[in-house]
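Worksheet: the structure to be examined is printed underneath.
Where a number appears in this text, it was derived from the coordinates with a stated rule and is not lab data. This one's a predicted model, so the numbers in the text were calculated from it and none came from an experiment. Here the Cβ is made from the backbone with ideal geometry for all residues, glycine too, and neighbour counts use every protein chain on show.
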Amino acid sequence: REGGEGGARLGKRGVENKWMNDMPEIHQFLDGFYMSRIGIRMLMGQHVALEEAAATAPQDNYIGLICTKVSPVAVARDAIEDARSICMRQYGDAPEVEVFGDESFTFAYVPGHLHQMLFELVKNSLRAVSDKYLDSDQMPPPLRVVI
């Protein structure tokens, strides 16, 4: 589309990207700022979780926020359920999502962080597929999550 609203938006993006690429020190500062913020939030959350565990019965397989036996397949299923419920609320329907992976595979990680990452990826994918098939007579294909 030329000259329409989409063309104007695309043109502005090109100008913004050029401006942003000309200032690497701003990128470096913002990258450091956000990494510091994430690190501080993690340290505070870990401290609070450890204090709460000391005051109550500790959860099995947890050291503060860190679960020593996170199943990415289980976390993915929870994130998919949450993302599909939002898609259902927005579009009235949601494509199916298939998960492929070893249920017994586990590793040490923060389940909440993994859930947030997977939720955002699946939510964005559901939105893209739903938008593409919105006015179509065809059923949307299922999304596939491979762990």
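I need the peptides 139-145, 119-125 ranked by packing, meaning the mean over residues of other C-beta atoms within 10 angstrom, with the highest value on top. If you can, show how the numbers build up before the last one.
Values: 139-145: 14.6, 119-125: 16.7.
In descending order of packing, they fall as 119-125, 139-145.
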Discussion item. For the chain, what does the helix formula give at 222 nm: sum of -39500 (n - 2.57) over DSSP H segments with n ≥ 4, over the residue count, nearest 500 deg cm²/dmol?
Written reply: -21500 deg cm²/dmol
Item to complete: Let me know the Kirkwood hydrodynamic radius for the chain, please, with Cα pairs as the basis and the value in Å to one decimal.
Response: 19.0
Worksheet, complete the sentence: Interchain or sequence-distant (5+) residues whose placed amide H lies within less than 5 Å of the amide H of VAL145 are GLU98, VAL99, PHE100
Worksheet item: Which value, in debye to the nearest 20, gives the size of the charge dipole of the chain about its Cα centre, when Lys and Arg are +1 and Asp and Glu are -1 at the Cβ?
Response: 340
Worksheet entry | For region 21-86, the spread of Cα positions along each principal axis, largest first, Å | 52, 34, 20
Worksheet entry | Mean separation of Cα contacts under 8 Å, 6 or more apart, over the residue count of region 17-101: relative contact order % | 17
Worksheet entry | Most positive-pole-ward Cα, ASN124, CYS67, GLY112, against dipole of the chain from beta carbon charges | ASN124
Discussion item. From the phi angles alone, apply the Karplus equation (6.51, -1.76, 1.60; θ = phi - 60°) to region 59-71 and give each ³J(HN,Hα) in whole Hz, x where the residue is Gly or Pro.
Written reply: 6, 4, 6, 10, 10, x, 7, 8, 9, 7, 9, 6, 9
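Apply the a/c threshold of 1.5 to the C-alpha gyration tensor of region 67-120 and tell me whether it is rounded, prolate or oblate.
Working: a/c = 4.11, a/b = 1.93, b/c = 2.12.
Judged from the Cα gyration tensor, region 67-120 comes out oblate (a/c at least 1.5, b/c at or above a/b).
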